[in-house]
Amino acid sequence: MSNLLIKNIKELVQVEYGEPKIAVQGKAMGILPSIENAFLLLEDDKIHSFGEMKDCPTSADSTIDATGQTVFPSWCDSHTHIVYAGSREIEFVNRIKGMSYEEIAENGGGILNSAKRLQSTSEDDLFDQALYRLNEIISYGTGAVEIKSGYGLTVDAEIKMLRVIKRLKEVSPIEIKATFLGAHAFPVEYKNNRQAYIDLIINEMLPIISTENLADYCDVFCDKGFFTTDESKQILDAGIKYGLVPKLHANELANSGGVQVGTEIGAISVDHLEFVEEPEIEALMKSETMPTLLPSTAFFLNLPFAPARKMIDAGLPVALASDYNPGTTPSGRMPFVISLACIKMKMIPEEAINAATINTAYAMDLNSSHGSICVGKQANVFITKKIPSVAFIPYSFGTDLIDKIILNGKLHSYLTSS
Ligand code: NIG
Ligand code: FE
C-alpha cells in the first residue's frame with residue numbers, strides 16, 4: 001500500500017460526498033462543488049480522503065505541495081475515433097474552398113477515404129498511431145475515454161480496429177470503453193444494396209465481436225445521407241442481442257429522427273445534436289439517455305452549434321466530448337471543447353465542467369468510478385499551473401494549463417514522444 005498527499009490546494013474542484021451522483025441536469029449543472037485551501041489523499045489507485053487543510057494528514061509516503069494551484073478530476077471523453085490511418089487535410093482545404101462535408105463524402109472522400117487507408121494499414125501500425133493519440137489526449141488531462149471502430153467497413157478491417165482498441169485497453173493507464181461503429185457509412189459496393197451491408201454487420205461482424213468480447217457499445221451514424229432510422233433500429237436491436245448497449249451519432253446534419261431512435265431503444269447516449277428542437281427535447285426529457293454535445297465538430301465544420309442553453313434550461317443534462325477523428329475534429333483537447341461550450345453554446349464554466357466530468361462519465365457507464373473527487377473513485381486527477389479561478393480554464397482557450405497529471409494514484413510522465 002502506498003499513498004500520495006496533495007496539500008495546500010488553492011481549490012479542489014468537483015468534490016462529492018457519500019454515494020457518487022449518477023449525473024447532473026438542469027439548474028444543478030450550474031453548481032460545481034469545491035473546497036478552498038484543501039488536501040487530497042490518494043491511496044494506491046483510489047481516492048482515500050479529502051478536505052480542508054486544517055484536517056490534513058501530517059505524513060504520507062509522498063507529498064506534493066500545490067500552493068496556488070487547482071486540482072480537478074481528470075476529464076472524461078465519451079466520444080472519440082482515435083484509431084485511424086493518416087489524416088485528411090486535403091478535405092479541410094476543399095471545404096475552405098466551398099465544398100460541403102456531404103459533397104466530399106458523396107465524392108468518395110470522408111469516411112470512405114479513411115476506410116480505404118485503414119484497410120491497407122497493418123494492425124501494428126494502427127496501434128502505434130492510436131497509442132500516440134491516446135498519449136496526446138492524456139497530456140490534455142483526459143482520464144477515461146471511449147473509442148469507436150467505423151473506419152474499417154469490412155469484416156476484417158472492423159475487427160482489426162476493435163482488436164487495436166483491445167490492445168490499447170491492455171496498455172493504457174486510463175480506462176477505455178470500446179464501441180462498434182460498423183454502421184458509420186455504406187461502402188461504395190453496397191450503395192445499391194444497403195440491406196446486404198446491414199446483414200454483413202448483423203450476421204458476420206456482431207458474432208465475432210461478441211465471441212472475442214471486442215466492444216461495450218454499438219453505435220450507428222443515423223443521419224441524412226447515412227443510416228435511416230429503420231436501418232439504425234435494426235442494427236442497434238441486433239447489437240442489444242449480443243449484449244452491446246446502444247449509442248448513436250444523431251441529428252448532426254438534420255432533424256433525422258436519430259434522437260428519438262436513441263431514446264426509444266434505451267441508448268446510453270445520443271451524440272452531436274446540432275439539429276435539436278422541441279420534439280427531441282421532449283423525447284430526451286422522458287429518457288435516461290445522455291445528450292452529448294461535440295462542439296469542436298461544429299467549430300471545425302462551421303455547423304450550427306447544438307442548443308445547449310435551451311436543453312439545460314429545459315431541465316436536461318448535457319455531456320461534452322471531443323469526437324477526435326480525422327474528418328470532422330482532428331483534435332482531442334477537452335479544455336478547448338469546454339471553451340467552445342462556453343463561448344459558442346453559452347454554457348457557464350460550471351456547467352461545462354460538469355458536462356466534461358460527471359455527465360460524460362455517465363455516457364460511458366463510468367460515473368461510479370470517474371468524473372469527480374469522491375472517496376473510492378479512481379485516483380485520476382490533474383494539478384493546474386497557478387490559475388486565479390476555475391473560469392480561467394475556458395477563458396484562456398487553447399492554452400496548456402496543466403502542471404502535473406496523476407493517474408491511478410501515481411504521478412504520470414505525460415509528455416508525448418514522436
Ligand atoms: O462523429 N459523424 C460521423 N462520424 C464522425 C466523423 C466521420 C469522418 O468524417 O471521418 C463524426 O463527426
Ligand atoms: Fe463521432
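The values are calculated or read from the model by the stated rules, or taken from the named source; none is laboratory data. Everything numeric here is computed off the predicted structure, so don't read it as measured data. So basically every Cβ, Gly included, is an ideal-geometry build from the backbone, and we count neighbours across all protein chains shown.
Worth pointing out:
- Considering the conditions (1) within 16 Å of ligand 1 (Cβ to nearest atom); (2) farther than 22 Å from Val337 by Cα, Thr179 is excluded by exactly one of them, (2).
- Pairing each residue of the range 326-338 that is farther than 15 Å from Leu293 by Cβ and in contact (Cβ under 8 Å) with a residue 60 or more places away in the chain with any residue that is more than 16 Å from ligand 1 (Cβ to nearest atom) and part of a loop (DSSP other than H, G, I, E, B), provided the two are 6+ apart or on different chains, yields C-beta distances under 6 Å for Arg333/Tyr140.
- Subset of the range 177-212 (residues that are basic (Lys, Arg), over 28 Å from the mean Cα position of the chain (by Cα) and not in a helix (DSSP H, G or I)): Lys191
- Inside the range 80-95, residues that are assigned to a loop (DSSP other than H, G, I, E, B) and either touching a helix residue (DSSP H, G or I) at 6+ places or on another chain (Cβ under 8 Å) or closer than 18 Å to Ile6 by Cβ (or both) make up a count of 7.
- Among the residues making up the range 193-251, those that are among the basic types (Lys, Arg) and at pLDDT 95 or above are Arg194, Lys233, Lys241, Lys247.
For (1) in contact with a strand residue (DSSP E or B) (Cβ under 7 Å, 6 or more places away or on another chain); (2) hydroxyl-bearing (Ser, Thr, Tyr), each residue gets a yes or a no:
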{"residue": "Ser331", "(1), (2)": "no, yes"}
{"residue": "Asn367", "(1), (2)": "no, no"}
{"residue": "His370", "(1), (2)": "yes, no"}
{"residue": "Lys386", "(1), (2)": "yes, no"}
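- Selection of the range 12-30 for residues being surrounded by 19 or more Cβ atoms within 10 Å (Cβ to Cβ) and assigned to a strand (DSSP E or B) yields Leu12, Val13, Val15.
- Complete set of residues in the range 400-418 that are exposed (fewer than 15 other Cβ atoms within 10 Å of the Cβ), at pLDDT 95 or above and polar (S, T, N, Q): none
- Within the range 143-161, the residues that satisfy the criterion of being more than 16 Å from ligand 2 (Cβ to nearest atom) and under 20 Å from the mean Cα position of the chain (by Cα) are Gly143, Ala144.
- Considering the range 237-260, the residues that are within 21 Å of Thr360 (Cβ to Cβ) and part of a helix (DSSP H, G or I) include one that is nearest to ligand 2 (Cβ to nearest atom), namely Gly258.
- Residue in the range 136-148 that is farther than 16 Å from Ser322 by Cβ, β-branched (Val, Ile, Thr) and assigned by TED's automatic domain parsing to the domain that holds Pro246 present: no
- Any hit, the range 96-113, residues being hydrophobic (A, V, I, L, M, F, W, C), within 15 Å of ligand 2 (Cβ to nearest atom), closer than 15 Å to Pro326 by Cα and assigned to a helix (DSSP H, G or I): yes
- Sole residue being in a strand (DSSP E or B), more than 16 Å from ligand 1 (Cβ to nearest atom) and either loosely packed, with under 14 Cβ neighbours inside 10 Å or among the β-branched types (Val, Ile, Thr) (or both), chosen from Thr67, Thr63, Thr58: Thr63
- Verdict on Phe299 being within 16 Å of ligand 2 (Cβ to nearest atom) and part of a helix (DSSP H, G or I): yes
- Scanning the range 365-382 for residues that are closer than 17 Å to Val24 by Cβ and in contact with a Phe, Trp or Tyr (Cβ under 8 Å, 6 or more places away or on another chain) yields Gly371, Ile373, Cys374.
- Residues in the range 114-126 that are part of a helix (DSSP H, G or I) and surrounded by fewer than 20 Cβ atoms within 10 Å (Cβ to Cβ): Lys116, Arg117, Gln119, Glu123, Asp124, Asp125.
- Members of the range 130-155 found to be farther than 18 Å from Lys177 by Cα and surrounded by fewer than 21 Cβ atoms within 10 Å (Cβ to Cβ), listed by number: Ser139, Thr154, Val155
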